[in-house]
Amino acid sequence: MAESDPINLQELRSAIPGGRVLEITTATGCIVGCSYCPQDKFVSRQKAVSQVKHLGLEEFRRCLGRVPTDVDISFAGYSEPWLNPDCTEMVEHAYMCGHGIRVFTTLVGMNRRDLRRLQALRFRVFVVHVFDDGMYMNGRLVRAKYLDLIRQLVDSDIPSIRFLVLGEVHPDIVGIIPAGALYRTRPLSSRGGSVDPKIVETRPPVVGALTCAEARQYRNVLLPNGDVTLCCMDFERRHVLGNLLRDEYKDLFEGPVFREVVDCMNGMDGFLLCRICEFAEPKTSACSFNAGETADPSFLENSGQ
């Protein structure tokens, strides 16, 4: 496998906005089968508490009604979003409610009608995770309909679109995506120690106070049963902040689980998934932060929509 281009990857990261985000996991389980995704661990942990396979459209609307509009909604989460047949309607609903929309997709489950509807919207970022040559992904999913979608996206007028491949591009895709539009990297995250260490080795834990380089404690993940986990690294549901089918958005950051996360980030003893996350950095300042701290302090004022 070719080495990743760190400049290219940094360009992609710089194209992704900061701020508060709620990621949407629309389905439990994923057929894409990326070897660097701890899908089996997520499914096992999720099914132990809920048999809900797909996030229902009405349940999504109820959850979204509790989320301030200055929180972006990201269709990504722990599985391919379009494995839920209602995903496009969820995107449209969140957009009409005034949220910034982010999409991270492999296109599996999406069809041409979905894409036509999506092209009518504006996105903060739209990242297509392109199939590799079989090193990490299930290349059997690269079929004629998928290739047609890739061509349609390349020709689309979505200004925020980016194409990303981990490894080498699938041979059937090589001639479709212009080289300059493709970001290349390799598996970089152990997902909090959940990925096979033969693929990504778990980092040594950060001791003492730490900070998240991308403030991912405010980029939480909604699950199909309404539960909300800390961030996109928490595949094993180690830090469940609450449930948006019953809790207000602001309550997620005032409850005991998030407060304990904050205390541990400030140096308190106790389990903290962040310690073995690649985005964790030792805190060099004596300053600490509070549970309600945010890059946008106005969010509490707007949380009663």
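The values are calculated or read from the model by the stated rules, or taken from the named source; none is laboratory data. Please read all numbers here as calculations on a predicted model, not as lab measurements. Glycine gets a Cβ as well: all are built from the backbone with ideal geometry, and neighbour counts include every protein chain shown. Remember, those area values only see protein heavy atoms, side chains included, never the ligands or the DNA or RNA. Shrake-Rupley method; radii C 1.70, N 1.55, O 1.52, S 1.80 Å.
Exactly one residue among Gly109, Gly33, Gly18 is open to solvent by 20 Å² or more (accessible area, probe 1.4 Å), touching a helix residue (DSSP H, G or I) at 6+ places or on another chain (Cβ under 8 Å) and either in a strand (DSSP E or B) or at pLDDT below 95 (or both), and that residue is Gly33.
When each of Leu164, Leu252, Leu188 is tested for being more than 30 Å from Arg140 (Cβ to Cβ) and of a type in the set (A, V, I, L, M), the lone residue that passes is Leu252. In the set Asp196, Asp251, only one residue is over 19 Å from the mean Cα position of the chain (by Cα), without any contact (Cβ under 8 Å) to a residue 12 or more places away in the chain and open to solvent by 50 Å² or more (accessible area, probe 1.4 Å); that residue is Asp251. Considering region 203-223, and only residues there that are assigned to a loop (DSSP other than H, G, I, E, B) and in contact with a strand residue (DSSP E or B) (Cβ under 6 Å, 6 or more places away or on another chain), the residue that is farthest from Trp82 (Cα to Cα) turns out to be Val206. Please go through region 181-191 and pick out each residue that is out of contact with any Pro (no Cβ under 9 Å at 6 or more places or on another chain) and either modelled with pLDDT under 80 or closer than 25 Å to Val262 by Cα (or both). Matches in region 181-191: Arg186, Pro187, Leu188, Ser189.
Test Leu166 against the stated conditions and say whether it is open to solvent by 10 Å² or more (accessible area, probe 1.4 Å), hydrophobic (A, V, I, L, M, F, W, C) and either under 25 Å from Gly18 (Cβ atoms) or in contact with a Gly (Cβ under 6 Å, 6 or more places away or on another chain) (or both). Yes.
Beta carbons closer than 8 Å, at least 6 apart along the sequence or on distinct chains, pair a first residue in region 146-159 that is modelled with pLDDT of 95 or more with a second that is of a type in the set (S, T, N, Q) for Leu149/Asn111.
The single condition from (1) in contact (Cβ under 8 Å) with a residue 60 or more places away in the chain; (2) of a type in the set (Lys, Arg); (3) within 25 Å of Asp70 (Cα to Cα); (4) open to solvent by 60 Å² or more (accessible area, probe 1.4 Å) that Arg186 fails is (3).
Looking at region 256-276, can you tell me whether even one residue there is surrounded by 15 or more Cβ atoms within 10 Å (Cβ to Cβ), modelled with pLDDT of 90 or more, assigned to a loop (DSSP other than H, G, I, E, B) and on the phi < 0 side of the Ramachandran plot? Yes: one or more hits.
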